[in-house]
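These notes concern the structure reproduced below.
Derivation of every value follows stated rules applied to the coordinates shown; laboratory data play no part. What you are looking at is a predicted structure, and each value in this text was computed from that prediction instead of being measured. FYI the Cβ positions are ideal-geometry reconstructions off the backbone, even for glycines, and counts take in every protein chain you see.
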């Protein structure tokens with residue numbers, strides 16, 4: 001029953017502190033560095049006294065070496081946010097890391113294997129926006145996302161690409177979403193309290209980052225816009241996202257856009273955006289990229305109050321969004337949690353705390369995803 | 001069945017459930033109950049992770065306990081080195097096992113979570129695991145409010161067999 005995690009964490013901490021195996025061997029009083037190597041690879045168990053020595057001398061708490069529900073020296077994030085203080089975002093990143101680590105740890109515990117293959121797009125920073133849009137078009141077509149791609153995107157990402165998609169309630173409303181890359185797992189987090197159009201755009205945008213992470217690693221923190229600001233990678237991500245959610249064929253068939261003027265144009269914009277479950281402003285920019293609207297018209301309409309909340313009277317869109325708010329996390333995530341609880345792989349109080357729920361709320365979570373609840377505690 | 005006369009280690013779940021079914025007085029009247037400081041904290045309002053919460057008076061709780069132990073880092077480290085799966089438990093459950101494993105006397109542990117029971121099975125301490133129902137029955141107390149399933153003896157027996165099979169420890 002050796003605990004291999006302790007050796008792995010010791011190695012990570014040693015490297016973080018730029019210590020050699022010889023340095024650690026001296027610290028522990030071992031004859032040579034081979035003993036340290038054996039501990040790091042899990043061949044030799046660290047004794048309790050040695051573990052306490054490591055805690056004392058390396059300045060890390062006991063949990064650092066033993067807690068499987070934290071990301072240590074791994075996990076890179078890309079956050080889409082608006083005006084979130086760095087300290088708040090940092091604190092939420094730790095929470096998100098625990099949730100992701102929980103999925104990975106519990107998945108392993110119940111015998112799930114990480115995906116064998118990681119998908120990627122053949123795009124680089126030098127790719128044109130048209131290339132990114134074409135990739136989005138092809139993605140929607142090849143994964144048969146249908147006439148409302150937003151509705152099936154999360155399901156396709158989880159099923160076809162093995163990307164974990166988690167609906168979350170962040171600690172700050174300005175957090176729109178995030179992509180997270182671990183060595184063996186890709187995750188997208190989406191703020192489920194945002195309006196559907198923004199949620200879907202964030203999802204497609206983060207999908208781009210996941211699929212191009214090696215070729216163009218995203219920045220740690222970006223502003224949640226639909227135009228991408230000055231950052232080329234973000235602009236490419238938005239071109240891709242727009243095309244996934246609003247394929248040219250569907251957009252062209254929705255109206256004779258060039259013939260519409262003023263109120264009729266606004267009304268058709270809002271109706272089409274509602275049908276595609278995107279924001280009207282995202283549709284405006286998509287029309288501009290397809291040259292169905294001039295850039296000048298697009299700028300004017302995007303700044304117009306008439307498309308705010310997709311033209312719904314003030315508050316209506318916000319009021320109704322709770323009804324369509326997705327359940328917390330995802331069915332795949334909840335199934336893993338339920339199996340782990342049922343098999344006694346994690347305690348109910350532990351997982352409830354990690355997910356910021358009460359023991360009794362867990363029952364509601366299982367029910368929301370149609371997953372049979374484990375035993376009653 | 002003969003009532004257990006030695007120390008009974010109770011975790012947060014067991015304390016909250018005993019309180020919920022108004023069995024705390026009977027329980028502490030019948031046994032030398034012991035726990036750890038983490039579990040005492042977790043029974044207090046705001047830390048229970050339950051909805052609704054029980055109103056558990058700290059003084060009354062402590063008066064019913066023979067001891068609420070402080071768990072030393074050395075005990076935690078020894079437990080986690082012995083079985084890394086202890087890290088899959090919540091703080092109170094983890095601390096209670098760290099304390100239990102450091103004791104040399106004969107104790108029984110009442111902690112109904114399957115993950116806690118699994119630790120007992122993995123460490124060949126299955127005979128030390130006891131249900132809240134059994135503890136109460138042996139004192140002659142029958143709660144008017146039904147215990148939840150995980151606190152009943154038949155559930156414990158079934159679960160221990162299931163866990164033992166999964167861990168390859170069939171008796």
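Dimensions of the protein assembly as shown from C-alpha coordinates, computed as largest minus smallest value along each principal axis and given longest first, are 90, 64, 40 Å.
For region B:1-89, the equivalent ellipsoid built from the Cα gyration tensor has semi-axes of 23, 18, 12 Å, listed from largest to smallest. Place a point 7 Å from the Cα of residue A:223 along the Cα-to-Cβ direction; which residues of region A:288-310 have their backbone N under 15 Å from it? From region A:288-310, the list is A:303. With R₀ fixed at 22 Å, the C-beta to C-beta distance from residue B:53 to residue A:361 puts the FRET efficiency at about 0.95. Between B:41, B:119, B:16, the GNM of chain B built on Cα springs shorter than 10 angstrom shows B:41 fluctuating the most. For the peptide B:7-14, the mean number of other protein chain Cβ atoms found within 10 angstrom of a residue's Cβ is 1. GNM remark for chain B: springs join alpha carbons under 10 Å apart, and the peak mean-square fluctuation among B:112, B:52, B:143 falls on B:52. Peptide B:112-124 is shielded by partner chain Cβ atoms: per residue, an average of 4 of them sit within 10 Å of its Cβ.
Where the alpha-carbon atoms of region A:178-241 are placed on the principal axes, they occupy 32, 26, 19 Å, in descending order. Averaged over peptide A:345-358, the number of partner chain Cβ atoms lying within 10 Å of each residue's Cβ comes to 6.
May I ask you to derive the FRET efficiency for residue B:170 and residue A:342 from their Cβ-Cβ distance with R0 = 25 Å, giving the value to the nearest 0.05? Let's see the in-between values first.
Details: r = 19 Å, r/R0 = 0.78.
FRET efficiency, residue B:170 to residue A:342: 0.80.
By the count of neighbouring beta-carbon atoms within 10 Å, fewest first, B:17, A:226 end up ordered A:226, B:17.
Over region A:4-66, the hull volume per residue, using the convex hull of the C-alpha atoms, is 69 Å³. Label separation (residue A:249 vs residue B:5): 8.3 nm, computed from points 7 Å beyond Cα along the C-beta direction.
Projecting label points 7 angstrom from Cα along Cα→Cβ for residue A:290 and residue A:128 puts them 1.9 nm apart. Compared with the dominant Cα axis of chain A, that is its longest principal axis, helix A:331-342 is turned about 30°.
By per-residue mean of other Cβ atoms within 10 Å, what is the highest-first order of A:100-110, A:259-269, A:47-57?
Details: A:100-110: 20.9, A:259-269: 14.2, A:47-57: 17.2.
Most protected by this proxy first, the peptides run A:100-110, A:47-57, A:259-269.
Put in order of Cβ neighbour count within 10 Å, fewest first, the listed residues A:325, A:159 become A:159, A:325.
Counting only alpha carbon atoms, the long axis of helix A:196-211 and the longest principal axis of chain A meet at about 60°. Within the listed set A:280, A:289, A:358, the residue fluctuating most in the Gaussian network model of chain A (springs between alpha-carbon atoms under 10 angstrom) is A:358. Post the alpha-carbon centroid distance, region B:98-140 to region B:43-57, in whole angstrom. One Cα centre to the other: 23 Å.
Which FRET efficiency, nearest 0.05, do residue A:299 and residue A:160 yield, Cβ-Cβ r, R0 35 Å?
Numbers: r = 37 Å, r/R0 = 1.05.
Given R0 = 35 Å and the Cβ-Cβ separation, E is 0.45.
Note on the protein assembly as shown: helix-only mean residue ellipticity at 222 nm, from DSSP H runs of 4+ residues weighted -39500 (n - 2.57) and normalised by residue number, equals -15500 deg cm²/dmol.
Measuring spread by the Cα atoms of chain B yields a radius of gyration and Dmax of 15.1, 43 Å. Distance between the 7 Å Cα→Cβ label points at residue B:146 and residue A:215: 6.0 nm. Distance from the Cα centroid of region A:90-129 to that of region A:337-363 is 21 Å (rounded to whole angstrom).
Among B:94, A:18, A:125, which comes first, then next, by fewest other beta-carbon atoms within 10 Å?
Values: B:94 26, A:18 7, A:125 10.
By the 10 Å Cβ count, ascending, the order reads A:18, A:125, B:94.
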